[in-house]
Structure formats: structure tokens, C-alpha cells
Amino acid sequence: MSNELQPKSVIVIFGATGDLAKRKLFPSIYRLYQSGKISENFAVVGLARRPWTDEVLRENVSNSIKEAVSPKEDLEEFVSHFYYQSFDVTDDSSYSGLNALIKELEGAYETEENRIFYLAMAPEFFGTIANKLQEYGLKDSAGWSRLVIEKPFGIDIKSARKLNKQLRAAFDEDQIYRIDHYLGKEMVQNIEVIRFANGIFEHLWNNRFISNVQVTSSETLGVEERARYYDTSGATRDMVQNHMLQMVALLAMEPPIKLTTDEIRSEKIKVLRALRPINPKEIDNFFVRGQYGVGKIGGETVPAYVDEADELENSNTETFVAGKLLIDNYRWAGVPFYIRTGKRLAEKSTKIVIEFNDIPMNLYYKKDKDRHPNLLIINIQPNEGITLCLNAKKSGSGSLAEPIQLAYNHNPVPGINTPEAYEKLLYDCMIGDATNFTHWDEVALSWKFVDTIINEWSNKTADFPNYRSGSMGPEAADELLAKDGFHWWSI
Ligand SMILES: NC(=O)C1=CN([C@@H]2O[C@H](COP(=O)(O)OP(=O)(O)OC[C@H]3O[C@@H](n4cnc5c(N)ncnc54)[C@H](OP(=O)(O)O)[C@@H]3O)[C@@H](O)[C@H]2O)C=CC1
Ligand SMILES: O=C1O[C@H](COP(=O)(O)O)[C@@H](O)[C@H](O)[C@H]1O
């Protein structure tokens, strides 16, 4: 592997004793090391308040890797690149010591003064940290400095603007890497290729041939240990503002004129700009919310949302959202993009269905109800691949037809590809490729769109719970499509 592809850097992780670092970041860095994408020229500085030592951090890193991947004999050598500093981000005196440690490691590991500051901490600290990194000269090195920001990026447009202003006072837009881990998923990245590298699809990819698009991201898990965060967020902030709208933008965008970060992001921005704002008076015609009650998942009885933790009692937070989006541009006028996401649903799966217009008359099916429009299904997870649903002659039945599927498996091993997504995004950040990170304009437009919905819902108490755990959400989500003559496809 050439040096160009083996970026050198010191990676500083704020919040190194936390859950994200343990479950996602350490295993991702190890996988990059194992695959040769990073060489020996790297060091990781872990920061958090608890009084760990280098050895304690290294032991924790080792354990987290053993839990996530099958380590090889290089694990000990790998963890020797990790250093720990007990650090309170609100305490000014911590930052000078950090500067000294980084400089020492840059000398020892010859990292050319390239620095990544990964903020794996609660969002209320993001602004302070960015500010201190500037004030104490940590971001000003002879190499490059990049800031990776975890979600949530604010809780509404106002707070997101404030945060962005704080970040931009210290870092340039091209130094800020806002993570949306769905953009690191293999099949989410594949949307663009499937669309623009195939003549047959691109000709049909518009309102003349597509009747509707459905994006579903369903989870079987409940809120787990994240009740405090989740209850102030809800499914709209947690999944729609970011992952769901990003997938819609990729499905609807125009072909970029070049495969550059700016061109691709600017096409996505145009889609988000064209989203028709929801009129609060008509919200029920466009958006549906839900909260799970008791039910069964995988044969096990699971509690209702409000019984998952003490602080959730009487909660009015939505754990499910379904919506109909309209994109007011030449290509998509009149085509509904339906989205649906929720916790404690029947299956863990993310899938996109593109439904094409049906044929004008039925000659090949005895009953109209057996007809099947052509569908293109993009399976994001746990299976990765695409399925094209066509109609073909039914064997031995005169000229009658039956639905058939052409299926392509992109990855023969099904699984939830979140660790791989983090690995890809971390590497992209190291090589300075921000294409699969969200630009501020995308974040702002997405917040503007969802804010109307969140505000409207926060004014009215919902009749929760309204769906059973283990189902696919409230009936109103089915009615949303039925009103337009469609239904959710579950292929
Ligand atoms: N966990 C996940 O799967 C995901 C997390 N995220 C986001 O990632 C970020 C981190 O989440 P997560 O790891 O779950 O959170 P945790 O609560 O597990 O970790 C928080 C970290 O911050 C440290 N910390 C808290 N206060 C301070 C302080 N004043 N100074 C220095 N360190 C401090 C804690 O360590 P200590 O107590 O030792 O100081 C700990 O290391 C959040 O923004 C979250 O929304 C996003 C997607 C998924
Ligand atoms: O960002 C988030 O995503 C996860 C779902 O991610 P996936 O990669 O497992 O599909 C979700 O569980 C979480 O609530 C949300 O914060």
C-alpha cells in the first residue's frame, strides 16, 4: 500500500472512556490498522475525566476489540499506540498539557503534525472544545487539523446554528467532519452508483416512471441504556433529521457533474431545498407518530417504552415516525417519498423500495389484485444488495404471468454494518475526503424541515402507546399510503 493511502496522524478522542469509543471507534481504528490503511505512523490520545493511565486505556481498547472483531497477534503492538490523559474539557489547565503530549507523540510517531480531534462526547461540550482547541493553539500545526463531530448536531435549527457558529469561529467548514454513519454504509454509498452508472435506471428515474419511493429503517431494539438522550430526542430528531433525509437526498439528487465532495454535496443540498415544507395544519395528512407498547420480539415479551426506565413514565416521545415527503422539482413533482423508522419493530432492517408505474392494462394476470408493479429494492442492511422485481411467464400456464425477482448480493455475509461504516468514515476523514460527511447546509435544511413537525407534535399530547412491539408501527402509517393507493412493500 502506498504512503499516500496510509495517512499519518494523531487522533485525539474526547470521551475515550465512553460507549461510542468502546463500541465503534477503537474497533474501527484497529480494522484500519489490520487492513494496512494506517501504518505505524499514528498515535491515539484518549481523554476523559476518570483517572485512567495509558495501561488502563490500552486494556480497555484491547477488550473492546476482542468483543468486536477477531484480533490477531498484532493487537499488543496496536494498543501501544494509545495514550491516556485525564482531562476535563471545561478546565482550561488541561489543554496546555494536551498540546505538549500531542507534540511529543508527533515526534515519536512522525505523524507530520496531522491531527484529528474526535468529539465522542455529549453535544453540549462541542462548542467549548472547539473554542479551546483554537485558544490553546492545538489546531494550528504544520500539518492538517480536522474536527469530527458526532450527532446530534443541535436539537433544532436554532441550537444547530449556534453550535455551527461556535465551531466555525475555530475551524473552517472544510475542517469540520459531521458524522452521519449511514453515509458510511456500503449500500447507502451504492445508491449513487446504482443510479448513475446504469443507463436503464437513470432514464426511468423520474415522475414519469416512478409512482412512489419507500425508505424504511426498522429496529427491534428499544431505547436500551440511552433513555435519557432518546426521550429528549425521539425518532424524528434521532433518525429522520439525519439518516432518513440523507437517504432521500441520495435517491432524489441530480447526477453530479464530477465526483467531488462539493459537487455531490451541492446536489444533495438542492434536494433538501426542494422538500415541500409541511403545513402544520395538514400535518396528519403527511406525518404519523407512534410509541411502542408491550409486545413480543423474537418470542420474548418486551415492555412498553414508558416502562423501560423510570424517567420515561408518562413520556409523550415518539419512537416511530412515518412520513410522506414531496420534492417540488421538475424530476419529482407528484411522486411521494414515504419514510418510516421506529424502534421495537418486527425486524432490524433498512431498505429502499422504488415502485415503478404499473402497466396500463392487465392481460397476463387473471385477477388485477395479483398484478405486481416492477420494484427496485435496495437492501441496505442486514442483507446488502439489490433486487429487481419483474413479471415473467408462469411455467406451464398458457401466457399467465407471475412475479419473479432478480437478486444481487453485494455482501454474502448479512449483518448490521455500523462498525464498517465508522471505519470507512474515519479513514475518509484521515485522507481529507468529506463527501460522506454532512455539509452545514444539509444539516440546516434538514432541521428546518423537521422542526415544523416536532413543534406541531410537541403542542399536542398523543394517544400513546399506539403500536405493539414486534409490529411494523401504528395503523395510521399504513393508512398514509393507502390514501394514495399504495402500501408498504415488505419484500
Ligand atoms: N454510543 C453510541 O452508539 C452513539 C453515540 N453517539 C454520540 O456520541 C457522543 C458520545 O456518546 P457516548 O459515547 O454514548 O456517551 P458516553 O456517556 O458513554 O460517554 C461520554 C464520555 O464523555 C466523557 N466526559 C463527560 N464529561 C466530561 C468532561 N467534562 N470532560 C471530559 N470528558 C468528559 C465521559 O468520561 P468521564 O466520565 O470519564 O469523564 C465519557 O468518556 C454523543 O454525542 C452521542 O450522541 C452517536 C451515535 C451513536
Ligand atoms: O444514529 C442512530 O442510529 C442507530 C441505528 O443505526 P444502525 O446502523 O444500527 O442502523 C439507532 O439505533 C440510534 O437510535 C440512532 O441514534
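The values are calculated or read from the model by the stated rules, or taken from the named source; none is laboratory data. Here the structure is a predicted model, which is why all the values come from computation and not from measurement. Positions of Cβ are generated from backbone atoms using ideal geometry, with glycine treated the same way; all protein chains shown enter the neighbour counts. Surface areas here come from the heavy atoms of the whole protein model, side chains and all, with no ligands, DNA or RNA. Shrake-Rupley method; radii C 1.70, N 1.55, O 1.52, S 1.80 Å.
Between the helical axis of 186-196 and the longest alpha-carbon principal axis of the chain there is an angle of about 60 degrees. A Förster distance of 51 Å, applied to the separation of the beta-carbon atoms of Arg49 and Asn316, puts the FRET efficiency at 0.90. Cross-link partners of Lys393 among aspartates and glutamates, defined as those whose alpha carbon lies under 14 angstrom from its own and excluding same-chain residues fewer than eight positions apart: Asp370, Glu402. The three principal axes of the C-alpha atoms in segment 9-150 carry coordinate ranges of 41, 29, 24 Å, sorted with the longest axis first.
The angle between the Cα long axis of helix 418-430 and the main principal axis of the chain comes to about 50°, on a 0 to 90 degree scale.
Note on segment 183-483: with charges restricted to the Cβ of Lys and Arg (+1) and Asp and Glu (-1), its dipole about the Cα centre is near 1140 debye.
Each of the peptides 336-346, 228-238 was scored by the mean count of other Cβ atoms within 10 Å over its residues; in descending order, highest first, they stand as 336-346, 228-238. Comparing Ile65, Thr53, Leu138 along the charge dipole axis of the chain, the residue lying farthest to the positive side is Ile65, per the Cβ-charge model. For segment 235-335, the set of chymotrypsin sites (Phe, Trp or Tyr not before Pro) satisfying both a DSSP loop assignment and a count of at most 16 other C-beta atoms within 10 Å is given as Tyr330.
Once the Cα atoms are used to define both axes, helix 440-458 deviates from the longest principal axis of the chain by about 60 degrees. Put a dot 7 Å past the Cα of Lys258, heading toward its Cβ, do the same for Glu59, and the two dots end up 5.2 nm apart.
Just flag the GluC sites (Glu not before Pro) in segment 287-335 sitting in loop per DSSP whose Cβ has no more than 12 other Cβ atoms within 10 Å. Sites meeting the loop and neighbour criteria: Glu313. Across segment 319-324, coupling constants 3J(HN,Hα) worked out from phi with the 6.51/-1.76/1.60 Karplus curve, θ = phi - 60°, read 9, 9, 9, 10, x, 10 Hz, and Gly and Pro carry x.
At a probe radius of 1.4 angstrom, the accessible area of segment 183-483 per residue rounds to 44 square angstrom.
Per residue, segment 9-150 exposes 41 Å² of solvent-accessible protein surface, assessed with a 1.4 angstrom probe and all protein chains in place. Please compute the contact order of segment 9-150 in relative form: average sequence separation of alpha-carbon pairs under 8 Å and at least six residues apart, divided by the residue count, as a percent. Result for segment 9-150 is 32 percent.
Rounded to the nearest 20, the size of the Cβ-charge dipole of segment 51-111 about its Cα centre is 120 debye, with Lys and Arg at +1 and Asp and Glu at -1. Please give the FRET efficiency for Lys72 paired with Arg331, using the beta carbon to beta carbon distance and R0 = 41 Å, rounded to the nearest 0.05. In this case the efficiency is close to 0.25. With R₀ set to 25 Å, the beta-carbon distance separating Ser399 from Asn357 gives a calculated FRET efficiency near 0.65.
I'd like the carbon and sulfur percentage of the solvent accessible area for the chain, probe radius 1.4 Å, heavy atoms only, ligands and nucleic acids excluded. Roughly 49 percent, rounded to a whole number.
Dipole magnitude for segment 9-150: computed about the Cα centre from +1 point charges on Lys and Arg Cβ and -1 point charges on Asp and Glu Cβ, it is near 480 debye.
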